[in-house]
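**Student:** Before I ask anything, let me first share the structure, which is written out below as structure tokens.
The values are calculated or read from the model by the stated rules, or taken from the named source; none is laboratory data. Quantities reported herein were computed from a predicted structural model and do not represent experimental measurements. Neighbour counts are summed over all protein chains in view; Cβ atoms, including those assigned to glycine, are modelled from backbone coordinates with ideal geometry. Accessible surface is based on the protein model in full, side chains and every heavy atom, while ligands, DNA and RNA are left aside. Shrake-Rupley method; radii C 1.70, N 1.55, O 1.52, S 1.80 Å.
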Amino acid sequence: MSKAFTYTLKRSCFDENYNPSENTRTTTNFANLARGEKRQENLRNTLVMINNRFNALACWDNPTADRYAVELEIISVDLNIGAEKPFPAIEVLQTYIVDKKNNQRIPGIVGNNFSSYVRDYDFSVLLLEHNKNQQHFSVPEKFGKLHGNIFRHFINSPEYKENFRKGPVICLSVSSKDTYRRTGNQHPVLGIEYAPDGESLTELYFAKMGLKVRYFMPENSVAPFAFFFTGDLLSNYTDLELIGTISTMETFQKIYRPEIYNANSAAGLFYRPDLNQQDHSLTKIVYDREERSRLAIEQGRFTEEYFIKPYKHILEQWSDNYTL
């Protein structure tokens, strides 16, 4: 059955001239920036922030803090179900590190940002409807199973292995519902490690994708990040690869979660993120968070209409019987 599922990859350069494709989720971080009157200014300023942060972290043999530049490529993944029309399943970022001193362009980590229509459906449609008029929150049976199996199937597919040398790393914001504590472990690039006081719904959801998670706060960051990965996060990637992900995703989070990642004071021994705290700074980059939340519901409905319902029996049979 899994042989009927194949993938088509499309690549788009993320630069100041970027325009989202028709299949890109409009709630996606980079797509949201590329809209409106200040789209080009948004994109230009974002790339400057990424490059500055990269050079600050990659400070060895870099006395003028301008040796490196980060280039970003958007990887859009269409899922092909037999002869049916492809569905836009996954969108991630591929980083590249340009070493201007040695005239090299080094492939970085794939993943970073993670976008999925099916995840919109799970969280913004299925989960909300399941808990409507309920006194106690609960999770539907098989919640995240289909999404997780699609992701695992993709990263084990010939298409993934032909295009990428290493497993993905996805970097997300910490949850405002959890408390995090310092563990005493410190990595030279990823920084201070934190551990959550429980297991969040996002952790459980990403576990079904075959991903583990660790939380680190890099040097001069003000809050930890959640790094979801396969394999060994600390051993499988070079310092420059990790810095590429940190600089890219910290920039996005400063724009989208300034209350957490652009706060004016850093996380301490114990840390509880707070999206309502006022002691933070705003970037000059325009972003509409309310619109993003509304569009997530709209795109979840789109997924329900054009993917979940039409292929319900095929998807359920495939997912229930899927094994690596």
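**Student:** May I ask you to give the solvent-accessible area per residue for the chain, in square angstrom, as obtained with a 1.4 angstrom probe? Working shown, then result.
**Tutor:** Values: 15800 Å² over 324 residues.
Here the residues of the chain average 49 Å² of exposed surface.
**Student:** Now for a different question. Label-point separation (nm) for residue 314 and residue 278, each offset 7 Å from Cα along Cα-to-Cβ?
**Tutor:** 5.4
**Student:** While we're here: Please compute the contact order of the chain in relative form: average sequence separation of alpha-carbon pairs under 8 Å and at least six residues apart, divided by the residue count, as a percent.
**Tutor:** Values: 557 pairs, mean separation 63.2, N = 324.
After rounding, I find 20 percent.
**Student:** Taking 0.36 nm per residue of separation and subtracting the Cα-Cα distance, what length does fully extending residue 212 through residue 270 add?
**Tutor:** Details: separation 58, 0.36 × 58 = 20.88 nm, distance 2.20 nm.
Value of the extension gain: 18.7 nm.
**Student:** Would you calculate a helix-derived [θ] at 222 nm for the chain, using -39,500 (n - 2.57) for each DSSP H run of n ≥ 4 and dividing by the full residue count, to the nearest 500?
**Tutor:** Working: 11 runs with 104 residues, N = 324.
The helix-only estimate for the chain comes to -9000 deg cm²/dmol at 222 nm.
**Student:** Write out the trypsin sites (Lys or Arg not before Pro) in region 219-304 meeting two conditions: DSSP loop, and at most 16 other Cβ atoms within 10 Å of their Cβ.
**Tutor:** Details: sites: 254, 284, 289, 292, 294, 301; in loops: 284.
Answer by residue number: 284.
**Student:** What is the calculated FRET efficiency for residue 137 to residue 305, with r their C-beta to C-beta distance and R₀ = 22 Å, to the nearest 0.05? It would help to have the intermediate numbers written out before the result.
**Tutor:** Values: r = 26 Å, r/R0 = 1.19.
Plugging the Cβ-Cβ distance into 1/(1 + (r/R0)^6) gives 0.25.
**Student:** If you don't mind, there's one more thing I want to ask. May I have the pair-distance distribution P(r) for the chain, computed from all Cα-Cα distances with 20 Å bins from 0 and rounded to whole percent?
**Tutor:** Pairs per bin, as whole percents: 30, 61, 9, 0.
**Student:** Taking only Cα atoms and a 10 Å spring cutoff, compute GNM fluctuations for the chain and point out the largest among 219, 298, 199.
**Tutor:** Maximum fluctuation in the GNM of the chain, among the listed residues, is at 199.
**Student:** Next question, about the same structure. For the chain, give me the percentage of DSSP beta bridges that are antiparallel, rounded to the nearest 5 percent.
**Tutor:** On the way: 51 of 53 bridges.
Once the DSSP bridges in the chain are tallied, antiparallel ones form about 95 percent.
**Student:** Of 262, 185, 19, which is the most mobile in a GNM of the chain whose springs link Cα atoms less than 10 angstrom apart?
**Tutor:** 185
**Student:** Using alpha carbons only, how many angstrom separate the centre of region 37-72 from the centre of region 237-290?
**Tutor:** So the two Cα centres are separated by 16 Å.
**Student:** What number comes out for the charge environment of residue 228, summing +1 per Lys or Arg and -1 per Asp or Glu over other residues with Cβ under 11 Å away?
**Tutor:** Details: positive: 212, 214; negative: 203.
Cβ neighbours under 11 Å give a net charge of +1.
**Student:** Filter 177/212; 10/101; 10/208; 145/254; 132/309 down to the pairs with a C-alpha to C-alpha distance above 23 Å, please. List each step's numbers first, then the result.
**Tutor:** Numbers: 177/212 19 Å; 10/101 30 Å; 10/208 25 Å; 145/254 31 Å; 132/309 21 Å.
Flagged as over cut-off: 10/101; 10/208; 145/254.
**Student:** With a 1.4 Å probe and every protein chain kept in, tell me what percent of the accessible surface of region 190-288 is carbon plus sulfur.
**Tutor:** On the way: 1940 of 4030 Å².
Whole-percent figure for carbon plus sulfur exposure: 48.
**Student:** What share of all Cα pairs of region 67-210, in percent, falls into each consecutive 10 Å distance bin?
**Tutor:** 9, 30, 32, 22, 6, 1, 0
**Student:** Sorted by packing (mean other beta-carbon atoms within 10 Å per residue), highest first, where do 103-110, 147-154 land? Write down the numbers at each step before the final one.
**Tutor:** On the way: 103-110: 17.1, 147-154: 22.1.
Top to bottom by mean Cβ count within 10 Å: 147-154, 103-110.
**Student:** Further, regarding this structure: Which one of 79, 112, 124 has its Cα pushed farthest toward the positive end of the charge dipole of the chain, where Lys and Arg give +1 and Asp and Glu give -1 at the Cβ?
**Tutor:** 79
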